[in-house]
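The values are calculated or read from the model by the stated rules, or taken from the named source; none is laboratory data. Owing to the predicted nature of the structure, the values given are computational and were not obtained by experimental measurement. Quick note on the areas: whole protein, heavy atoms, side chains included, nothing else; ligands and nucleic acids left out. Shrake-Rupley method; radii C 1.70, N 1.55, O 1.52, S 1.80 Å.
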Amino acid sequence: MLDTHLTAVNGRRPRRPAALHALLATRLATLLAALLAAGASAQTGPQPRLPGVDLTAGIYVIKAEVAATPEQQATGMMFRREMPDNDGMLFVNDEAGVRCFWMKNTLVPITIAFIADDGTIVNLADMAPQSEQSHCSARPVRLALEMKQGWFAKRGIKAGFKLRGAPFGT
């Protein structure tokens, strides 16, 4: 026990010093905060629909939710059971970098387009549901667009195609 070195007075064990109580209370509060934070960050369902932007791919209009924060990007399309045909999710980063995505806890098959700042598709990758296999951009980019798998191929859209919309300055 913490206070075994203290001697008994009148047959009673002396009280713990106030400093020790404060230390124990602080450690308990820290542990509780850590446990609550871990529980709060564990994603168990889809995130609410995010604010969106319209993009165009030739004659096709894409309704893209914008994942701009690290939390929104980490959750992405996880746990969503469906994805409407012309809906997608645009991941927007401040700095260009090689971007890699996986599909853990993502239930719908997706094709991802890695996009240059001017809207040009750098490369595309098909991603299988529930897979932890990484799919990366062929070069540093700030933007990536997830669509239902096959959406780009069905419309003949390949690397080099230029998307339009506010995120690309067009």
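Taking the stretch 116-170 on its own, what percent of its Cα-Cα pair distances exceed 18 Å? So the portion of pairs separated by more than 18 Å is 36 percent. Over 18 Å apart at the Cα level, from the set Lys104/Lys148; Lys104/Lys154; Lys104/Lys158, are Lys104/Lys154; Lys104/Lys158.
Leaving out ligands, DNA and RNA, and with a 1.4 Å probe, what % of the accessible surface on the stretch 95-134 is carbon or sulfur? Could the numbers behind the result be given before it?
Working: 860 of 1840 Å².
Carbon and sulfur: 47 percent of the exposed surface of the stretch 95-134.
Multiply the residue gap between Thr44 and Lys154 by 0.36 nm, knock off their C-alpha separation, and tell me the result in nm, one decimal place. Using 0.36 nm per residue and subtracting the Cα-Cα distance, I get 36.4 nm. Compactness of the stretch 59-104 is given as radius of gyration and Dmax, 11.8, 32 Å, from Cα positions. Roughly how many whole Å is it from the C-alpha centroid of the stretch 82-96 to that of the stretch 126-161? So the two Cα centres are separated by 10 Å.
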